[in-house]
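First up is the structure itself, then whatever we jot down about it.
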Amino acid sequence: MDDPEYKQFNARQFLYQRYPPNVFEMEEERRNYAPPWLMPCLHNFYQQFHKEWDNSTARLLDVGGGPCIHSYISAAPYVAEIYHSDFVKSCRDEVLLWKNKDPVAYDWSPYFKHAVNTLEGQIDAGSVEKRMEMVREKLKDVVFCDVMNPIMLPGCNGKKFNIIATNACIEVVVQSVEEYECVIKRIKNLLNHKGFLVMMAHLECSFYHINGKRYPCYPITEQNIVSSLAKAGFTLHYKELSQPNLKTYTSSNSKGRAFVVAQSF
């Protein structure tokens, strides 16, 4: 994967546009943002499936996680190690700022409060801060990743993972169904036997906007996703679809979102 589109990618602007701190206070408009829908999906996955692996040794990898850390919040109690990966340096830098408690780091506290207080029902004093420290401690590395390269994670020394999460990543870099299938197979090769892929994808989306700049996207369909998982040797356990308010949604031409849970055999 070349870097012409992403060398000038402004990760902080992306966060302000796609992960606003007040997103959980919105009413109708919140449908146009992924986290209010995705975070309950992730919470439910870990509640339902965490007994399928050894929580004391399990590794989680976020593939193409961008500058975001919200997808591990519900995972942290059920894994021993978390690894964040992304192609873009500015995205990796944002994650490191948060891990290192840099004063200029993005404020993820509304997302922690939503996961811990609202979804998990933990309202005791200090529960949010404890989860933040847990995520920081378990976040072992932030590494370069190129899903278009046969060696996706050159910095992970052949590690295998119990869970791989990827959200709106693959479709923004591939240019065909064949390439999409190839990336799914590469991801499977990084999983332990009976490991889980937890994935959110934008459906039938050919472009998206970040701060006025247009980026390409491959218009993957629900059937493409299901077929690609089957060809790679995954068993599909769960699938859920969501749709933004198409009358007011202007960030992309996506027709909807898919969340899937699949297991490697």
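The values are calculated or read from the model by the stated rules, or taken from the named source; none is laboratory data. Since this is a predicted model, take the numbers as computed values, not measurements. Here the Cβ positions follow ideal geometry from the backbone for every residue, glycine too, while neighbour counts run over all protein chains shown. Just so you know, the surface numbers come from the protein's heavy atoms only, side chains and all, with ligands and any DNA or RNA stripped out. Shrake-Rupley method; radii C 1.70, N 1.55, O 1.52, S 1.80 Å.
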Handout entry: segment 23-33 - residue that is of a type in the set (A, V, I, L, M, F, W, C) and in a helix (DSSP H, G or I) and, of those, least open to solvent (accessible area, probe 1.4 Å)
Key = Val23
Practice task
Considering each residue of segment 208-246, count those that are within 14 Å of Val174 (Cβ to Cβ) and at pLDDT below 95, and give that number.
Solution key: 2
Practice task
Mind listing just one residue for me: the one in segment 117-137 that is of a type in the set (D, E, K, R) and open to solvent by 30 Å² or more (accessible area, probe 1.4 Å) and, of those, farthest from the chain's Cα centre (by Cα)?
Solution key: Asp124
Fill in the blank from the handout: Of (1) open to solvent by less than 20 Å² (accessible area, probe 1.4 Å); (2) out of contact with any strand residue (DSSP E or B) (no Cβ under 6 Å at 6 or more places or on another chain); (3) among the aromatic types (Phe, Trp, Tyr), Phe161 satisfies every one except (2)
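The rows are residues; the columns are (1) without any contact (Cβ under 8 Å) to a residue 40 or more places away in the chain; (2) over 18 Å from Ser254 (Cβ atoms).
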| residue | (1), (2) |
| --- | --- |
| Gln13 | no, yes |
| Tyr16 | yes, yes |
| Pro21 | no, yes |
| Glu25 | yes, yes |
| Asn32 | no, no |
| Trp37 | no, no |
| Pro40 | no, yes |
| Asn44 | yes, yes |
| Phe49 | no, yes |
Problem - Matching residues in segment 2-16 - criterion: being polar (S, T, N, Q) and either modelled with pLDDT of 95 or more or more than 18 Å from Trp98 (Cβ to Cβ) (or both) - result: Gln8
Exercise for the section: Any chance you could count how many residues in segment 111-155 are of a type in the set (Val, Ile, Thr), within 18 Å of Ala165 (Cβ to Cβ) and in contact (Cβ under 8 Å) with a residue 60 or more places away in the chain? Expected result: 3
Practice task
Taking Leu60 as the residue in question, decide whether it is crowded, with 18+ Cβ neighbours inside 10 Å and of a type outside the set (Asp, Glu).
Solution key: yes
Practice task
Considering every residue within segment 78-98, establish whether at least one is open to solvent by less than 50 Å² (accessible area, probe 1.4 Å), basic (Lys, Arg), in contact (Cβ under 8 Å) with a residue 40 or more places away in the chain and farther than 14 Å from Met132 by Cα.
Solution key: yes
